[in-house]
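The values are calculated or read from the model by the stated rules, or taken from the named source; none is laboratory data. Remember, it's a predicted structure, so these values are computed and weren't measured experimentally. Note: ideal-geometry Cβ built from the backbone for every residue, glycine included; neighbour counts use all protein chains shown. The area values use the complete protein model at the heavy-atom level, side chains included, leaving out ligands, DNA and RNA. Shrake-Rupley method; radii C 1.70, N 1.55, O 1.52, S 1.80 Å.
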Amino acid sequence: GNELFITAGGNGYVYDLLTNTLSAIANLAGIADQGGFINGFFLAFHMATGTVYQSDLYDGTTWAPLNSFQRNTQPDDWIAMYITSWNQIFLAGSKTRDYYYYTGTGSTPFAAAQSGVQPEGIAATYSVVEANGQLIWLMLTDQGGLRVMAATGYRGQRVSNHAMETEISHYLRYDDAIGQSYAE
């Protein structure tokens, strides 16, 4: 406890709330593109290699190099990570996605959920957002079109309409999209 994990510029930092100090994590230099926290572990995600690194339990300053995992079941490497409110890790490639959960065993206590690989990948790393119990993200279809997807549980469904998809297809870039949600 009492630590905040921060990723910026591909690097990982831990802010100690008790001592009011910020420390760079040498083992994460250049490989911490996204960060998260689940079941007492900090996670750092490296987009270029699709690798998830894990800290020691409740210690964001200690990262053993072998405490990591990568996708080895599909040809599209993971390019996004998101920790869900239902305590799973959403990991998406450009064509497919997986969910991982905490097993509580081994030096890397995370394993693929029984949902298996799902067919809807992600088009923009930071487009995934959670809203009203659903994950929502931007997807690139096999035909090159863009659509907004949502998943309640593991099954994805299209939530954008043709008008929205036509509009976003005219954007010069889509890979830099950022997901946001709000409630009224």
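Over region 1-55, with every protein chain in place, what whole percent of the accessible area is carbon and sulfur at 1.4 Å, could you tell me? All intermediate terms of the calculation are to be shown ahead of the outcome.
Details: 1340 of 2410 Å².
So the carbon and sulfur contribution to the accessible surface is 56 percent.
Sorted from longest to shortest, the spans of the Cα atoms of region 1-114 along the three principal axes equal 43, 29, 25 Å.
Kindly rank 56-62, 118-124, 36-42 from highest to lowest mean number of other beta carbons found within 10 Å of each residue.
Values: 56-62: 15.4, 118-124: 20.0, 36-42: 18.1.
Per-residue mean Cβ counts within 10 Å order the peptides as 118-124, 36-42, 56-62.
For the chain, averaging the sequence separation of C-alpha pairs within contact (under 8 Å, six or more residues apart) and dividing by the residue count gives a relative contact order of 11 percent.
With every protein chain present, what is the per residue accessible area of the chain (1.4 Å probe, Å²)?
Values: 9810 Å² over 184 residues.
So the chain comes to 53 Å² accessible per residue, rounded to a whole number.
The tail of the calculated P(r) for region 119-184 beyond 21 Å holds 16 percent of all Cα-Cα pairs. Over the C-alpha trace of region 46-94, radius of gyration and Dmax come out as 11.8, 33 angstrom.
Relative to 2.2 N^0.38 Å, what does the C-alpha radius of gyration of region 42-184 come to as a ratio? Two decimals please.
Its radius of gyration relative to the 2.2 N^0.38 Å reference: 1.08.
For region 68-81, the Karplus equation 6.51 cos²θ - 1.76 cosθ + 1.60, evaluated at θ = phi - 60°, returns couplings of 8, 8, 9, 6, 9, 10, 9, x, 8, 4, 5, 10, 8, 9 Hz by residue, with Gly and Pro reported as x. Checking every one of the trypsin sites (Lys or Arg not before Pro) in region 145-184 against DSSP loop status and a limit of 10 other Cβ atoms within 10 Å picks out 173.
Rounding to the nearest 20 debye, state how big the charge dipole of the chain is about its Cα centre with +1 on each Lys and Arg Cβ and -1 on each Asp and Glu Cβ.
340
Find the all-direction average of the projected area of the Cα convex hull for region 86-139, expressing the result in square nanometres with one decimal place. Don't skip to the answer; put the middle values down first.
Details: hull surface 16.6 nm².
Answer in nm², one decimal: 4.1.
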